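**Student:** Before we start, here is the structure in question, set down as structure tokens.
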Amino acid sequence: MKTIFRAAAAAALAGLVPLSAAQAHKAWLLPSSTVLSGKGDLAVTVDAAASNDLFYFDHRPIPLQGLVVTAPGGAAVTPENTNTGKYRSTFDVPLKDPGTYRIALVTDSLFARYKENGEQKRWRGKAENLAKEIPATATDVVVTQAQRRLETFVSVGNPDEAALKPAGAGLELVPVTHPNDLVANEEAEFKLVIDGKPAAGVKVEIVRGGIRYRNQLGDTTVTSDANGAFKYKWPEAGMYWLEASVTDDKATANEAKERRATYSATFEVMPE
Amino acid sequence: MRILLSFGLTGLVAAPALAAEMEISIEVPKLDVSEYHRPYVAVWLEKPDQSVAANLAVWYDVANAKKEGDKWLKDLRQWWRRAGRSLAVPADGLTSATRAPGSHVVKIDAAHAALKDLAPGEYQLIVEAAREVGGREVVRIPVQWPPAKGTALNAKGEHELGTVAVNVTP
């Protein structure tokens, strides 16, 4: 019984790695559609995974704890058929009303590096477990708070913005161009906000999917201006992934000195 | 009495404009493919800034057995983005069933809801076709409305549309 429990806990921890250790792999959501017409029995299914190549689920699934789906009216939508497999998690989002849905995976956790008997160790978990899980004899303890938001957007009929209001915590994206109104060879504009305020001078990495079938990554980095705004002209149609991070001393957890806030999103760009 | 009289006068003044007509001929090509479905087609007038001046016709699977013919309207991508997504369908005088291969004529006169309030100017007539398990194509023809003189122009699609012709008469 104990063994089984340990195995499950280890698996859960292993599953958390990709979403938190963004440097190692790209974490992403991939919806089956982003622009839908019609009414009635509409839904999208979404893959959630972390991998080197976009958008291939060949490395690790992302656990679905922290999944928040917002309906056009602002109400929460309960995802259906959630599953976490070996390489990806999947879930369905029923789309009962016209408008824009925001699909987000939001996590807020603590990371610690410390030394025990001269040996470097790492810990991750919830704030309330920090004190009891890191030994009292530990030295050189450095605790970091990691706020992570991973998003994608889906619109039925006319896109709207009621579901896109920022939550006001961590790094978020505020659309100037609607994320479901993106077309190749057109310029789109977005704003980054941290804790609801403009995030200036933040580097945003933008990568088009389909990496497996080309030789170069072809990524682009743009930097947000004083208002947190950045623009990008999509060179061609496809699914795109973007990511930005901010590291500062504004941790909201008392135990942490440093806070790392990361935002990633998947956008679909349509042909002209 | 007075109201009736002024109404009558307005009618008289507007009478010459009412004669103007736009005749659009759209060829749905016969295609030698293993799985064929009739294309969805949208026809509209575009302003120089690419916004929609008037929706003229939308052919889609209005009588779909599962009532889900509108599920693929998004495949008319340009029309969907510029007009379709903010319209309710089916719409009287706008939407109708898909057409079989062959040439089909759409006649619209100046009294039609889409044209009666249209500001005089240069427009692009856009015909967009999208076919299930097939492709998508857009054909454009410049049109002046209301027409100063009778004009006939045509353009040819290469994949999902054959000849598209527009004939305007003052």
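The values are calculated or read from the model by the stated rules, or taken from the named source; none is laboratory data. Just so we're clear, the structure is a prediction, and the values are computed from it rather than from any experiment. As a convention, Cβ positions derive from the backbone with ideal geometry for all residues, glycine included, and neighbour counts pool all protein chains shown.
**Student:** Can you name the condition, by its number, that B:Gln144 falls short on among (1) free of Cβ contacts under 8 Å to residues at least 60 places away in the same chain; (2) under 30 Å from A:Val156 (Cα atoms); (3) of a type outside the set (Lys, Arg)?
**Tutor:** (2)
**Student:** Pick out the one residue from A:Ala162, A:Ala131, A:Ala138, A:Ala146 that is more than 14 Å from chain B (Cβ to nearest Cβ), within 30 Å of B:Leu73 (Cα to Cα) and out of contact with any Leu (no Cβ under 6 Å at 6 or more places or on another chain).
**Tutor:** The match here is A:Ala162.
**Student:** For region B:116-159, which residues satisfy the criterion of being touching a Pro at 6+ places or on another chain (Cβ under 7 Å) and charged (D, E, K, R)?
**Tutor:** Across region B:116-159, the qualifying residues are B:Glu122, B:Arg131, B:Lys149.
**Student:** If you don't mind, another one. Of all the residues that make up region B:56-75, how many are facing another protein chain (nearest Cβ under 9 Å) and either in contact (Cβ under 8 Å) with a residue 40 or more places away in the chain or farther than 22 Å from A:Glu272 by Cβ (or both)? Write out each step before concluding.
**Tutor:** Quick first cut of region B:56-75, residues facing another protein chain (nearest Cβ under 9 Å) only: B:66-75.
From what's left, either in contact (Cβ under 8 Å) with a residue 40 or more places away in the chain or farther than 22 Å from A:Glu272 by Cβ (or both): B:66-72, B:75.
Total meeting the criteria: 8.
**Student:** So which residues in region A:225-272 are among the charged types (D, E, K, R), within 14 Å of chain B (Cβ to nearest Cβ) and out of contact with any Leu (no Cβ under 8 Å at 6 or more places or on another chain), if there are any at all?
**Tutor:** Listed by number, the list holds a single entry, A:Glu272.
**Student:** Sticking with this structure for a sec: In region B:80-98, what count of residues is obtained for those that are within 17 Å of A:Pro271 (Cα to Cα) and more than 11 Å from every other protein chain (Cβ to nearest Cβ)?
**Tutor:** 0
**Student:** State all residues of region A:40-58 that are outside any strand (DSSP E or B) and of a type in the set (D, E, K, R); if no residue qualifies, say none.
**Tutor:** A:Asp41, A:Asp53, A:Asp58
The rows are residues; the columns are (1) among the hydroxyl-bearing types (Ser, Thr, Tyr); (2) exposed (fewer than 14 other Cβ atoms within 10 Å of the Cβ).
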position	(1), (2)
A:Asn158	no, no
A:Ala188	no, no
A:Pro198	no, no
A:Thr220	yes, no
A:Ala226	no, yes
A:Asn254	no, yes
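**Student:** A further question follows. Kindly list the number of the only condition in (1) within 14 Å of chain B (Cβ to nearest Cβ); (2) of a type outside the set (Gly, Ala, Ser); (3) touching a Gly at 6+ places or on another chain (Cβ under 8 Å) that fails for A:Asn180.
**Tutor:** (3)
To keep it simple, each residue is scored yes or no on (1) assigned to a strand (DSSP E or B); (2) farther than 27 Å from A:Ser37 by Cα.
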| residue | (1), (2) |
| --- | --- |
| B:Asp49 | no, no |
| B:Ala63 | no, no |
| B:Lys74 | no, no |
| B:Arg81 | no, no |
| B:Val106 | yes, no |
| B:Lys149 | no, yes |
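**Student:** Turning to a different aspect of this structure: Of (1) touching a residue at least 60 places away in the same chain (Cβ under 8 Å); (2) farther than 23 Å from A:Glu272 by Cα, A:Asn185 satisfies all except one. Which?
**Tutor:** Exception for A:Asn185: condition (2).
**Student:** Mind listing just one residue for me: the one in region A:36-46 that is crowded, with 21+ Cβ neighbours inside 10 Å and over 10 Å from A:Leu95 (Cα atoms) and, of those, farthest from the other protein chains (Cβ to nearest Cβ)?
**Tutor:** Within region A:36-46, the match that is farthest from the other protein chains (Cβ to nearest Cβ) is A:Val46.
**Student:** Are any of the residues in region A:151-158 modelled with pLDDT of 95 or more, over 21 Å from A:Glu255 (Cβ atoms) and assigned to a loop (DSSP other than H, G, I, E, B)?
**Tutor:** yes
**Student:** If you take the residues of region B:43-55 that are touching a Phe, Trp or Tyr at 6+ places or on another chain (Cβ under 7 Å) and away from chain A (no Cβ under 14 Å), which of them is surrounded by the most Cβ atoms within 10 Å (Cβ to Cβ)?
**Tutor:** B:Trp44
**Student:** Given the conditions (1) in contact (Cβ under 8 Å) with a residue 60 or more places away in the chain; (2) within 14 Å of another protein chain (Cβ to nearest Cβ), which single one is not true for A:Leu171?
**Tutor:** (2)
**Student:** Okay, next question. Listed residues A:Glu205, A:Glu268, A:Glu255; which is in contact with a Phe, Trp or Tyr (Cβ under 8 Å, 6 or more places away or on another chain), at negative phi and acidic (Asp, Glu)? Working first, answer last.
**Tutor:** Numbers: A:Glu205 fails: in contact with a Phe, Trp or Tyr (Cβ under 8 Å, 6 or more places away or on another chain); A:Glu255 fails: in contact with a Phe, Trp or Tyr (Cβ under 8 Å, 6 or more places away or on another chain).
Exactly one of A:Glu205, A:Glu268, A:Glu255 is in contact with a Phe, Trp or Tyr (Cβ under 8 Å, 6 or more places away or on another chain), at negative phi and acidic (Asp, Glu), namely A:Glu268.
**Student:** A further question on this structure: If a residue must be crowded, with 16+ Cβ neighbours inside 10 Å and over 24 Å from A:Met270 (Cα atoms), how many such residues does region A:161-184 contain?
**Tutor:** Count: 3.
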